[in-house]
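Participant: Before anything else, here's the structure in question.
The values are calculated or read from the model by the stated rules, or taken from the named source; none is laboratory data. Not measured: the values here are computed from a predicted model. FYI the Cβ positions are ideal-geometry reconstructions off the backbone, even for glycines, and counts take in every protein chain you see. Just the protein is used for accessible areas: all its heavy atoms, side chains included, with ligands, DNA and RNA removed. Shrake-Rupley method; radii C 1.70, N 1.55, O 1.52, S 1.80 Å.
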Amino acid sequence: MEQYWSGSAINKNKGMVENLQNYGIIKSRKVAETMENIDRGVFVPNGAQPYIDSPMAIGYNATISAPHMHAICLQLLENYLQPGMHALDVGSGTGYLTACFALMVGSNGRTVGVEHIPELVSSSIKNIEKSAAAPLLKDGSLSVHDCDGRQGWPDFAPYDAIHVGAAAPEIPQPLIDQLKPGGRMVIPVGNALQDLKVVDKNSDGSISIRTETSVRYVPLTSKEAQLNGE
Ligand code: SAH
């Protein structure tokens, strides 16, 4: 499903969350609470309607994902975002999901966003400062870094949860290496046609991969290729 609702009838973050619950996309209390607490309105560029179910341009050939995609990823990762766990958000863009992850793992956990457009790193930090995750940024349990996310962020590995917000032609090996045994990565894989893959690292280090749904994300690529719209 590409879009569950449109139009401006939903003008509050709470209304958006209720819609996602009514459509059965948000299934758990924890994900509902997290999305209620992190106001999407803070992360969407001025002038855009934050609560309709649509991706939106954020500049630099990037988009903030639609609310239903954020909800699907939070549901898939919920068990891997328990208090105290480590989470990595690759292609963190606006910082919306990074903030959600930080709220879920809390100040005893560690949440890292990595993004290769420096302007988006700066604006995402400003967005997070306006959100319920601001205290976690302040206490250092949440940070956002300017780097090529295909290399992950080894400093706080291994991660219980890794989310990739851009589609990779194949799963980058450094991200598999930085996933904890027992951990889960959610990553769109493909070029024109993409599948959202759920990658579980088993306790013996082996990998199980399944397809959740077909999706359309911007590519996980080099900064130059992205800015040239390749
Ligand atoms: N989850 C984000 C998604 C933003 S779109 C949100 O909803 O706001 C995908 C993001 O991935 C873009 O911001 C883009 O700049 C970033 N990206 C693409 N390739 C990347 C790479 N190699 N390293 C880091 N970030 C990358």
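Participant: Roughly what would the spin-label model give for Ser122 and Ser107, points 7 Å off Cα along C-beta, in nm?
Facilitator: The two pseudo-label positions are separated by 2.9 nm.
Participant: Starting from the Cα-Cα distance between Glu170 and Asp155, subtract it from 0.36 nm times their residue separation and give me the gain in nm to one decimal.
Facilitator: 3.1 nm
Participant: While we're on this one: Where nothing but the Cβ of Lys and Arg (+1) and of Asp and Glu (-1) is charged, how large is the charge dipole of the chain around its Cα centre, in debye to the nearest 20?
Facilitator: 460
Participant: So, one more: DSSP beta bridges in the range 7-228, what fraction antiparallel, as a percent rounded to 5?
Facilitator: 45
Participant: Can you show me the helix-derived [θ] at 222 nm for the chain, built from DSSP H runs with n ≥ 4 at -39,500 (n - 2.57) apiece and divided by the number of residues, rounded to the nearest 500. Show your work: numbers first, answer last.
Facilitator: Numbers: 8 runs with 67 residues, N = 230.
Computed mean residue ellipticity for the chain: -8000 deg cm²/dmol.
Participant: Just the accessible area for Arg29, please: 1.4 Å probe, Å², rounded to the nearest 10?
Facilitator: Approximately 130 Å² for this residue.
Participant: Could I ask something else about it? Could you report the range 75-154's accessible area per residue, 1.4 Å probe, as an integer in Å²?
Facilitator: So the range 75-154 comes to 36 Å² accessible per residue, rounded to a whole number.
Participant: For Lys14, give me every one of the aspartates and glutamates with a C-alpha distance below 12 angstrom, ignoring sequence neighbours fewer than eight places off in its own chain.
Facilitator: Within reach: Glu33, Glu36, Asp39.
Participant: Another one. 7 Å from Cα along Cα→Cβ at both Ala48 and Asn202: what's the point-to-point distance in nm?
Facilitator: Rounded to a tenth, the inter-label distance reads 4.0 nm.
Participant: Please give the Cα centre distance for the range 160-207 versus the range 15-92, rounded to the nearest Å.
Facilitator: First find each Cα centre; the distance between them is then 19 Å.
Participant: Quick check: from the Cα gyration tensor, does the range 97-230 come out rounded (a/c under 1.5), prolate or oblate?
Facilitator: It comes out oblate by the Cα gyration axes.
Participant: Now for a separate question. Tell me the carbon and sulfur percent of the accessible area for the chain, rounded to whole percent, probe radius 1.4 Å.
Facilitator: Summing carbon and sulfur atoms, their accessible area is 48 percent of the total for the chain.
Participant: Rounded, prolate or oblate, given the Cα gyration tensor of the range 7-228, with a/c below 1.5 counting as rounded?
Facilitator: Cα axes put the range 7-228 in the rounded bin.
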